[in-house]
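*Asks:* Shown below is the structure under consideration.
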Amino acid sequence: MTKSSALGKIILFGEHAVVYGRPALAVPVTQVHTDVDIAKSSRAGIWINASDVNLHAELNTLPSDHPIASVIHNFLFLGRVSPFPNLEINISSTIPVAAGLGSGAAVTVALTRALSSHLNYPMSDEEVNAFTYEIEKLHHGTPSGIDNTVITYAKPVYFVKGQSIETFKAGQSFTIVIGDTGISAPTKESVEELRRMWRNEKARWESVFDKVAEISFTARRAIEQGHWEMLGELMNENHKLLQEMTVSSPELDKLISAADEAGALGAKLSGGGRGGNMIALVTPDLAETVSSSLKEAGARNTIITKIL
Ligand code: PMV
């Protein structure tokens, strides 16, 4: 049997502006992951079992653009696998779907690595990343590539679309509380809507994206030098710009205010927005208090994570 896993992720700064070539910062979240195992099957075909999404099916019974089927079809094509082997593929995930934690990219990365190892078709990290980006494009329109990059390398990344990957390291570890609104919001939609607004008023939005770029740039230095007060302020500023982009929501704003009132150093939405998750920077002693306040303010779930 072959096994592979991939972690979830959060975007710390720069979502949406990253689609327009500005830098963004993303980090892995070790508390949530996708696990894939592959074994030879005694029945004919390639069987996929993903209980979390209630999927138990043979590959050829799924539409070819099904997110999981498309990974397998593209992999078999890339690896020129012939004849098709009989396989049992089990996929399980604790990463909430359509919530800004990278569930789609994590499934692709873990599944690709498991197939690559099971079918003896070695792939480098660069190849897994490029392959996952192609899959992301099939389902998300115009993704920047940040999700596949942070999930493939499982390290904090300072990401600029089309440039080679740059990782970074925190001067000291810091604590983030993630709050889930429980509202599933496809990133494709918020990205498309912002694109429509950008087409109508390019100069206005380019200047908003420039402000986000400045924030991401400064935030990287603040993280490397351990300037947490400043980092919190930068999160608040980034959130205001995301509100201006209309990608926040009343539920996200409520959680962000709750984090602020409970003593967080700063907070913002993370990912595509309109639902999904928000993040709050906290001192370690306040993590539990902020987490409880988020739940009281309606968070379906919270995760306390340390960024190293
Ligand atoms: O919703 P997520 O976590 O997949 O994040 C999307 C980030 C965006 O900048 C909104 C889109 C992108 O492709 O970078």
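The values are calculated or read from the model by the stated rules, or taken from the named source; none is laboratory data. Small disclaimer: the values here were computed from a predicted structure and weren't measured. Note that each Cβ is placed from the backbone with ideal geometry, even for glycine, and that neighbours are counted across all protein chains shown. To get the accessible areas, we keep the full protein, side chains included, count just its heavy atoms, and leave off ligands, DNA and RNA. Shrake-Rupley method; radii C 1.70, N 1.55, O 1.52, S 1.80 Å.
*Asks:* Against the definition (exposed (fewer than 15 other Cβ atoms within 10 Å of the Cβ) and either within 16 Å of the ligand (Cβ to nearest atom) or at positive phi (or both)), how does residue 246 come out, yes or no?
*Replies:* Working: exposed (fewer than 15 other Cβ atoms within 10 Å of the Cβ): yes; either within 16 Å of the ligand (Cβ to nearest atom) or at positive phi (or both): yes.
It is true that residue 246 is exposed (fewer than 15 other Cβ atoms within 10 Å of the Cβ) and either within 16 Å of the ligand (Cβ to nearest atom) or at positive phi (or both).
*Asks:* Moving to a separate point now. Taking region 11-30 only, how many residues are of a type outside the set (Lys, Arg), within 16 Å of the ligand (Cβ to nearest atom) and over 15 Å from residue 148 (Cβ atoms)?
*Replies:* Of the residues in region 11-30, 10 are of a type outside the set (Lys, Arg), within 16 Å of the ligand (Cβ to nearest atom) and over 15 Å from residue 148 (Cβ atoms).
*Asks:* Within the group 151, 146, 176, which residue is out of contact with any Leu (no Cβ under 7 Å at 6 or more places or on another chain) and either at pLDDT 95 or above or within 16 Å of the ligand (Cβ to nearest atom) (or both)?
*Replies:* After applying the criteria, what remains is 146.
*Asks:* From the list 81, 53, exactly one residue is at pLDDT below 95 and either under 19 Å from the mean Cα position of the chain (by Cα) or within 16 Å of the ligand (Cβ to nearest atom) (or both). Which is it?
*Replies:* Just a single option satisfies the conditions, and that option is 53.
*Asks:* One residue is enough: does region 56-67 have a residue meeting the conditions within 16 Å of the ligand (Cβ to nearest atom) and surrounded by 15 or more Cβ atoms within 10 Å (Cβ to Cβ)?
*Replies:* The answer is yes, given that some residue of region 56-67 is within 16 Å of the ligand (Cβ to nearest atom) and surrounded by 15 or more Cβ atoms within 10 Å (Cβ to Cβ).
*Asks:* Quick check on residue 112: is it buried (at least 22 other Cβ atoms within 10 Å of the Cβ), away from the ligand (no atom under 16 Å from the Cβ) and modelled with pLDDT of 95 or more?
*Replies:* Yes; evaluated as a whole, the condition is true for this residue.
*Asks:* For residues that are surrounded by 20 or more Cβ atoms within 10 Å (Cβ to Cβ) and free of Cβ contacts under 8 Å to residues at least 40 places away in the same chain, scanning just region 115-132, find the one that is farthest from the chain's Cα centre (by Cα).
*Replies:* 128
*Asks:* Would you check which residues across region 75-94 are open to solvent by less than 10 Å² (accessible area, probe 1.4 Å) and either over 17 Å from residue 58 (Cα atoms) or in a helix (DSSP H, G or I) (or both) and list them?
*Replies:* Scanning region 75-94 gives 75, 76.
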